[in-house]
Amino acid sequence: MAVSTLRQDPTTRQWVILAPRRGERPHQPAVAAHPPQPERDPSCPFCPGNEGQTPPEILRLPPEGPDWRVRVVPNLYGALGEGGPPRRSGSPMFREMPGVGSHEVVIESPRHDARLDEMSEEEVAEVVWVWRERYRALIARPEIRAVVVFKNFGPLAGTSLLHPHSQIVATPVYLPRLLRRLDVATRYFDDNGVCVYDDLLAAEREVRLRVVDECGGFVSFEPFASGSPYETWILPTFHQGSFGDLADEEVDDLACILIRTLTLIRRACGDPDYNLVLYSAPTNGHTDEVFHWHIKIIPKLSTPAGFEIGSAMSINTVPPEEAAERLRAARQLA
Ligand SMILES: [Zn+2]
């Protein structure tokens, strides 16, 4: 058996190193325990009764009444949050600008002990609906260049609060990862006249090796050039460039595949911490036809070390075909 294989991601043109034998090294990756939580924690700022501990609400469901199901509030310790124009200052060697943009928290449930994978489809659909509403509102602001919806689950994924929540950051500058994907997708479209993600989906659904699940108009699969163990992508099977264009009737299916995928990862990997990130084309210009929004779920089963941090090249020890097979097998483990 070869020491390793290099694989190229067609959506980024980046190479990753697939080195299954490195996974046989003597130490196992640590999976953090998630001790049971109370339904309500009096000291938690996101729990009902403590609404005064967060900044005023931006959005809530339902809009009126004492019992809310989802709330959106500014992050008290936001990375960005100033209004006004994103005016650059300084010289080219020392350029800076004010922290224009926003950093919001989506409190996904009034229950302190809720988890996306254990919530009902209706409840998760409301979270997805809120993500889309805030995405639309933020990307429409003239000073905003990108909006990132993400979720950090568990301490290894960087969360500081246990109460179920996700976050939305709107930045006044373009983001390197998104620019790279837009660039590759634009060139691919220019060469082939079709969205690279549409071609990728067709190829993955034909070979079926790495497909994990399908739900309505959505599919989850392990990418061919997976950068880390059990990295999982969720995409609409129909072409849609911007997450902001997600239709009301598609929200339920996205909720369904999110719950199912997170459940399979939990069963197959022993409840790992994870990061979830949503990549979307901005809702303007040519990007709607060349790009295809998608969600990446990265379970925290390995820690990037010096080589990965320095090079931005990943070393993955679990072949995505094997990960997909284990995830599919986990459907039987109810
Ligand atoms: Zn709480």
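Quick note: the coordinates plus some simple rules give every number you see, no bench work behind them. Predicted, not measured: the structure shown is a model, and the values here were computed from it. Using ideal geometry, Cβ is built from the backbone for each residue, glycine included, and neighbour counts are taken over all protein chains shown.
For the range 293-308, just list the computed ³J(HN,Hα) in residue order, Karplus coefficients 6.51, -1.76 and 1.60, θ = phi - 60°, integers in Hz, with x standing in for Gly and Pro.
In residue order, the calculated couplings are 5, 7, 10, 10, 10, 10, x, 8, 9, 8, 10, x, 10, x, 4, 5 Hz.
Is the range 138-216 best put as rounded, prolate or oblate by its Cα gyration tensor, with a ≥ b ≥ c the root eigenvalues, rounded for a/c under 1.5, and otherwise prolate when a/b is larger than b/c, oblate when not?
Taking the square roots of the gyration eigenvalues as a ≥ b ≥ c, the range 138-216 is oblate.
For Asn192, put the label point 7 Å out on the Cα→Cβ axis and report which residues of the range 284-322 keep their amide N under 18 Å from it.
287-294
Considering the chain as a Gaussian network with a 10 Å cut-off on Cα pairs, which listed residue, Pro229, Pro85, Pro319, attains the greatest mean-square fluctuation?
Pro85
For the chain, just give the cysteines left without a disulfide-compatible partner, judged by no other Cys Cβ under 4.7 Å.
Cys195, Cys269
Can you work out the Karplus-derived ³J(HN,Hα) for every residue in the range 169-178? Use 6.51 cos²θ - 1.76 cosθ + 1.60 with θ = phi - 60°, whole Hz, and x for glycine or proline.
Taking θ as phi minus 60°, the curve returns 10, 10, 10, x, 10, 6, 9, x, 5, 6 Hz for the range 169-178.
Which one of Gly306, Gly216, Gly83 has the biggest mean-square fluctuation once the chain is modelled by GNM with Cα springs under 10 Å?
Top of the fluctuation ranking is Gly306.
Please list the non-local residues whose amide H lies under 5 Å from the amide H of Lys300, H modeled 1.01 Å from N, same-chain partners needing a gap of 5 or more.
Those qualifying (amide H under 5 Å, at least 5 residues apart or on another chain) are Asp273, Tyr274, Asn275.
Mind sorting Asp9, Asp113, Asp67 by how few other Cβ atoms lie within 10 Å of their own Cβ, fewest first?
Asp67, Asp113, Asp9
How far apart, in nm, are two points set 7 Å out from the Cα along the Cα-to-Cβ line at His34 and at Arg180?
Between His34 and Arg180, the simple spin-label model gives 2.9 nm.
For a Förster distance of 45 Å, can you work out the FRET efficiency between the beta-carbons of Glu321 and Glu57, rounded to the nearest 0.05?
For R0 = 45 Å, the calculated efficiency reads 0.50.
Once the other residues with Cβ under 14 Å from the Cβ of Met119 are scored (Lys, Arg +1; Asp, Glu -1), what is the net sum?
-4
Mind checking the range 153-227 for chymotrypsin sites (Phe, Trp or Tyr not before Pro) that DSSP puts in a loop (not H, G, I, E or B) and that have at most 15 other Cβ atoms within 10 Å?
The qualifying sites are Tyr174.
Would you calculate, for the chain, the mean residue ellipticity at 222 nm contributed by helices, counting each DSSP H stretch of 4 or more residues as -39,500 (n - 2.57) and dividing by all residues, to the nearest 500?
Counting only the DSSP helices, I get -8500 deg cm²/dmol.
Amide H of Thr54: which non-local residues (sequence gap of 5 or more, or other chain) have their own amide H closer than 5 Å, using H built in the peptide plane?
none
So for the chain, Kirkwood radius off the Cα pairs, Stokes-Einstein at 4 °C and 1.567 mPa s: how many µm² s⁻¹?
For these conditions, the coefficient is 62 µm²/s.
Kindly put Met119, Met313 in sequence by how many other C-beta atoms sit within 10 Å of each C-beta, fewest to most.
The order, fewest Cβ neighbours first, is Met313, Met119.
Could you give each residue of the range 202-219 its phi-based ³J(HN,Hα) in whole Hz, using Karplus coefficients 6.51, -1.76, 1.60 with θ = phi - 60°, and x for Gly or Pro?
4, 5, 5, 6, 6, 7, 6, 4, 10, 6, 9, 7, 9, 8, x, x, 10, 10
Test of understanding: ordering Val148, Val277, Val3 by Cβ neighbours within 10 Å, fewest first, what list do you get?
Taking fewest neighbouring Cβ atoms as first place, the list is Val3, Val277, Val148.
Say we join alpha carbon atoms closer than 10 Å with springs in a Gaussian network model of the chain; which of Leu246, Leu254, Leu76 then has the biggest fluctuation?
Leu76
Which whole-angstrom value gives the distance between the alpha carbon centres of the range 227-248 and the range 291-307?
14 Å
Using alpha carbon centroids, what distance separates the range 130-158 and the range 166-222, in Å?
18 Å
Rounded, prolate or oblate for the range 1-138? Axes are the square roots of the Cα gyration tensor eigenvalues, ordered a ≥ b ≥ c, and the cut-off for rounded is a/c under 1.5.
Since a/c reaches 1.5 but b/c is at least a/b, the shape of the range 1-138 is classed as oblate.
With bins 5 Å wide starting at 0, give me the P(r) of the range 157-285 over every alpha carbon pair, in whole percents.
It works out to 2, 8, 16, 21, 22, 18, 9, 3, 1, 0, in whole percents.
Which far-off residues, 5 or more places away or on another chain, put their amide H under 5 Å from the one on Thr159, with H placed in the peptide plane?
Amide H neighbours of Thr159, under 5 Å, 5+ apart: Gly154.
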